[in-house]
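In what follows, a structure is listed as structure tokens, so that the remarks can point back to it.
The values are calculated or read from the model by the stated rules, or taken from the named source; none is laboratory data. This is a predicted model, so every value here is computed, not measured. No Cβ is skipped: glycine too gets one built from the backbone with ideal geometry, and neighbour counts run over all protein chains shown. Ligands, DNA and RNA are excluded from the accessible area calculation, which covers all protein heavy atoms including side chains. Shrake-Rupley method; radii C 1.70, N 1.55, O 1.52, S 1.80 Å.
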Amino acid sequence: MRRARVVLHSAPWMKNRLQEKKVRQAPNVATQDELVVLFTGTAQSMRTPLLSRLELPEDVAKKRVKLAECGSNHVVCAMEDGTVMSFGDNRKGQCGRPLAHGVYRDNDDEKEETTVAVFTRFSGEGPNVKSVAVGARHTFVFEKGTRNVWVTGQNELHQLGIRQTREVFTSDSRRDSSASVLLHSIMEPTDVSTSEDVAGQFGIFWEASGDIPAEEGGIRKISTSATHTLVLMESGSVYVFGCALDGQLGTGTTAARNTPYRLKFFSARKVAVLDVHSGHCCSFFVTDEGTFACGKLDEGRTGLPWSPSAPVKLLPTRVPSLPAGPHLASGLSHGTVVTDSGNWYAFGGSQKLGLTPPMCKDIADATPHYRGQRSYSNVHTPALVHDAEDSSLGDVPLSVLSSGYYHTIGLSGDGTVSGFGDTADGQLGANRPPDNRSRVIVHQNPDVATVAAGGNFSVIFINARQGVTPNTWSTLPVIRGF
């Protein structure tokens, strides 16, 4: 029998090759404390159908994320050290950064001058920031329990709660006819007309001193969408402002409100509001008597039935078919509720979601697509997307739920990121479901801090710990921002 010959290579070139091979081998755990950001989907010029790792500046990689929200094409994060970071589309100033040359940009050919390519700290922010609320093209930064609020971005529908609708730039060039607000407005009186340009920063008064009485206490939550904003105070009162064309403010009229307006519906009925959620042209109010909704009804987006004679609800209306749950999120035309037991229910939505509609009994059940392309059934009755008894996706309670245009993702306490919905732009990464209504796993890591869904993309944030966090990202492709 012929014995195999063993040859020991001692040549320098062989040692170098072995060392390179060892370096290329992915470690099983994180080699340092760092922030890992995973991105999948399409946002502005960044398109990746597979889950990819976002390359971060060295100073950002040392931070830890507390929470995050996304707009149509931008991302805003509140960090554990009290700072706020943002990246993405900044054409309306929604990233809190100055517009290039102080000139308003809304041209795709000039994206490089209006996009924050990587995470950048908000300029001029205040200390001890606790939370953020992000709309399609605007951002709120605020401290829970206080009245300290900063706003930046689009305001043409008064979704920032500011009477002025002109842009405020960081240079001598500005246009009074436009409708964006750049940089942050703190809730302290500031006369814009006489304020000096100090380091390019202007203050705009969010007129809470006159619109929100002191006895209401501090802010518990702000929820904002493309058209309007809801503010839940510590007292339980709800203040609304922005567009009301579809009744989304719940005031009983279609009159817009350009500053915070107290919603009298619940206080008059002595109903305690526990949570609020601003959807696309609609609003949700979670109370001790169930969930109420108002606004646009087409496509079943509120869980309320639509009819030609009643296409909107001007006042909050209880949604009897909506199951109670601690998590609620809504996209362009669909909503998702996750119950205490772990069941996922979805309602509304287009055919992209694959929700099976009930049989149409008459023309009142048919509702047009929001783009007017075709008609299909009004799916206002919540459909079961995931049964909690299915242990294949884990049975750990959900901690975060977030929706993009046509998809929804959630984070469980064990670090499992899962979702359902449209996958045409890679919103759910490589683990695409056989149909859009099936919930699938997007990523798993025990140290996922939070997740957020934007227009057609999803972002996952991992606060990695040296020697502890499993390295689940080393084999993922690396992208360098927009």
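Quick look at the values:
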item: Chain lengthening between Gln32 and Arg318 when straightened (0.36 nm per residue, less Cα-Cα); result: 98.0 nm
item: Karplus 3J(HN,Hα) series, Hz, for the stretch 457-471 with 6.51 cos²θ - 1.76 cosθ + 1.60 (x for Gly, Pro); result: 8, 9, 10, 10, 10, 10, 8, 6, 10, 4, x, 10, 6, x, 7
item: For the stretch 66-74, Karplus couplings with θ = phi - 60° (6.51, -1.76, 1.60), whole Hz, Gly/Pro x; result: 9, 7, 8, 9, 10, x, 4, 9, 9
item: Accessible surface, per residue, of the stretch 222-262 when the full set of protein chains is kept, probe 1.4 Å, Å²; result: 27 Å²
item: Pairwise label distance in nanometres, Thr253 with Asp81, each label 7 Å out on the Cα-Cβ vector; result: 4.9 nm
item: 5 angstrom amide H check on Ala449, placed H, neighbours 5+ away; result: Phe461, Ile462, Asn463
item: Förster-model FRET efficiency, 41 Å R0, Arg64 and Ser307, C-beta, rounded to 0.05; result: 0.25
item: Gain on full stretching of the segment that runs from Ala214 to Glu289 - 0.36 nm per residue minus C-alpha separation; result: 24.3 nm
item: Convex hull volume of the stretch 250-358 per residue (C-alpha atoms, cubic angstrom); result: 115 Å³
item: Other-chain or far-sequence residues with amide H under 5 Å of Lys130's (modelled H); result: Phe142, Glu143, Lys144
item: Prolate/oblate/rounded label for the stretch 388-482 (Cα gyration tensor, a/c 1.5); result: oblate
item: Under-5 Å amide H pairs with Cys294, H placed in peptide plane, nonlocal only; result: Ser283, Thr317
item: Estimated translational D of the stretch 266-325 in µm²/s (Stokes, Kirkwood radius over Cα pairs; 20 °C; 1.002 mPa s); result: 183 µm²/s
item: Cross-link pairs Lys92/Lys144; Lys63/Lys92; Lys66/Lys296; Lys221/Lys313; Lys270/Lys296; Lys66/Lys313 - those with Cα-Cα distance over 31 Å; result: Lys66/Lys296; Lys66/Lys313
